[in-house]
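The values are calculated or read from the model by the stated rules, or taken from the named source; none is laboratory data. Computed from a predicted model, the values in this text were never measured in an experiment. All Cβ positions, even for glycine, are placed from backbone atoms using ideal geometry, and neighbour counts span all protein chains on display. For accessibility, only protein heavy atoms count, side chains too; no ligands or nucleic acids. Shrake-Rupley method; radii C 1.70, N 1.55, O 1.52, S 1.80 Å.
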Amino acid sequence: MSSVAPTADWVDPPAMLRDPYETYARLRALGPVVRVPAMGRYLVTGSAACRAVEADQATYSADVSGGGATMARALGAKPMLRKDDPEHAVERAPVNAGLRAKSVRAAWAPRFEHNARTQLDVLRGQGPERAELNRDYAAPVAARNLVDLLGLPEATPEAMERWSHAFIAGIGNLHDDPDIWARCDAAQREVDDHLDALLPQLRRHPDASMTSALVTSGLPEPAVRANVKLTISGGMNEPQHMITNMVWALSRHPEQRDRVLADPSLWPVVFDEALRWLPPIGMYPRETTRATVLDGVALPGGAILGVVIGAANRDPAAFDRPEHFDIARTRRAHLGFGSGVHLCVGHWAARIAIGEIAVPRLYDALPGLRTDTRRDEAWFGWVFRGLTDLPVTWD
Ligand code: HEM
């Protein structure tokens with residue numbers, strides 16, 4: 001038995017940029033899969049339905065019409081994220097080993113510590129009346145960590161940030177805005193210039209970086225370059241936003257902040273609960289390869305789906321009191337890193353860099369750290385969502 005997807009003709013995408021959570025709740029109330037004409041797609045908002053999509057690549061392809069071509073245009077070739085297995089696995093396998101928890105701790109944790117310390121000096125230098133956590137700490141820490149993980153020593157944190165934004169804009173440039181392509185093409189050229197110098201060196205002297213793993217795997221060079229650029233676009237904003245999201249969540253829940261400060265072994269739990277509650281990626285796309293039934297809802301072949309992990313992470317069928325930030329909750333298996341074969345390859349790097357190092361060191365260094373409610377904070381986005389301004393203060 002299957003039912004027709006309900007239609008939500010009231011969805012207002014610009015309003016979702018300010019705050020998507022009310023829309024998510026209304027969509028979930030209609031059912032796990034809803035047709036949204038304003039977006040020309042079906043939104044999958046139920047936790048079980050999102051997992052079912054990721055468990056069946058043969059029916060739900062990541063090689064989305066239009067989106068795949070735009071991503072290939074933005075990054076020079078189609079990267080692993082827009083491929084299904086077995087082609088996807090060929091590009092992903094080389095980087096898996098170096099990004100396991102043990103490898104990340106051995107190779108990168110000291111660099112993550114160094115980067116956090118460097119930016120703490122900058123943040124402290126701004127003082128408790130002027131410090132802005134996103135600008136002074138979150139963005140540069142994320143950029144410095146990515147410079148290290150990718151092994152691009154000549155790249156500045158500022159360049160990394162600029163490239164990341166240019167690639168993300170290009171990946172989303174479905175309407176071919178020429179200014180966006182101009183910025184994206186310039187970023188491609190700059191990254192390619194770095195890689196022209198770096199790839200021959202890495203072939204001779206491999207190191208622990210992701211770029212080294214890709215280039216020594218025997219992948220064709222366009223695939224190496226496209227996956228480096230994919231990582232530049234995907235490995236910067238999300239860790240950045242998790243730094244500010246964690247501080248924002250703890251500032252609003254001082255009793256939970258006091259618990260983690262008294263028991264630092266809780267930091268990984270705080271990271272996970274903040275990622276469930278406020279995931280930096282709200283939605284990603286898939287396309288049906290044939291007519292199918294998803295969690296009881298009939299879908300045609302060629303349907304574009306938005307897998308709305310931002311909504312699934314607050315599904316009452318999966319979590320008790322899902323709208324609450326609660327580090328004591330018992331069921332915590334959220335979708336903030338995706339699931340299935342495209343589960344974020346950098347999830348251990350992010351957990352360690354942000355959850356174990358960047359955020360705990362902030363609280364170690366700045367007693368009484370909290371958001372500064374005398375100054376304005378700002379959130380933006382829903383497909384990618386984060387704080388663009390987070391004034392902070394301390395005692
Ligand atoms: C808290 C931080 C992060 C979050 C929330 C996050 C989230 C995600 C999600 C949801 C996906 C799946 C997207 C999809 O299926 O369409 C993904 C994939 C990916 N992420 Fe992350 N990510 C984070 C950090 C990182 C970092 C630090 C790196 C780089 C080291 C990275 C590199 C990637 C790559 C390359 C993929 C594609 C994997 C594949 O296609 O197999 N991410 N990420």
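Worth a mention:
- Straight-line cross-link partners of Lys83 among the aspartates and glutamates, defined as a Cα under 20 Å from its Cα and at least 8 positions apart when in the same chain: Glu54, Asp56, Asp63, Glu91, Glu221, Glu287.
- Exposure of Ile357 as accessible area (Å², to 10), given a probe of 1.4 Å and all protein chains: 10
- Only protein heavy atoms count here; under a 1.4 Å probe, Arg51 has an accessible surface of about 90 Å².
- Three-way shape call for region 180-243 based on the alpha-carbon gyration tensor, with the a/c threshold at 1.5: oblate
- Sequence ranges 274-285, 320-331, ranked by mean other-Cβ count within 10 angstrom, highest first: 274-285, 320-331
- When Rg and the Kirkwood radius Rh are both evaluated on Cα atoms of region 85-163, their ratio Rg/Rh stands at 1.10.
- The modelled label-to-label distance for the pair Thr330/Ala101, using points 7 Å beyond Cα in the direction of Cβ, is 2.2 nm.
- Principal axis extents of the Cα atoms in region 209-343, from largest to smallest and rounded to whole angstrom, are 51, 44, 20.
- Cα gyration tensor shape for the chain, rounded if a/c is under 1.5, else prolate or oblate: oblate
- Computed over region 95-233, the ratio Rg/Rh where both radii use C-alpha atoms and Rh is Kirkwood: 1.01
- Each residue, Ala72 and Glu154, gets one label point 7 Å from its Cα in the Cβ direction; the gap between the two is 3.0 nm.
- Region 252-284 and region 187-202 have Cα centres lying 37 Å from one another.
- Three-way shape label, region 296-395, alpha-carbon gyration tensor, a/c 1.5: prolate
- A P(r) calculated from all alpha carbon pairs of region 12-123, with 10 Å bins opening at zero, reads 11, 23, 28, 28, 10, 0 percent.
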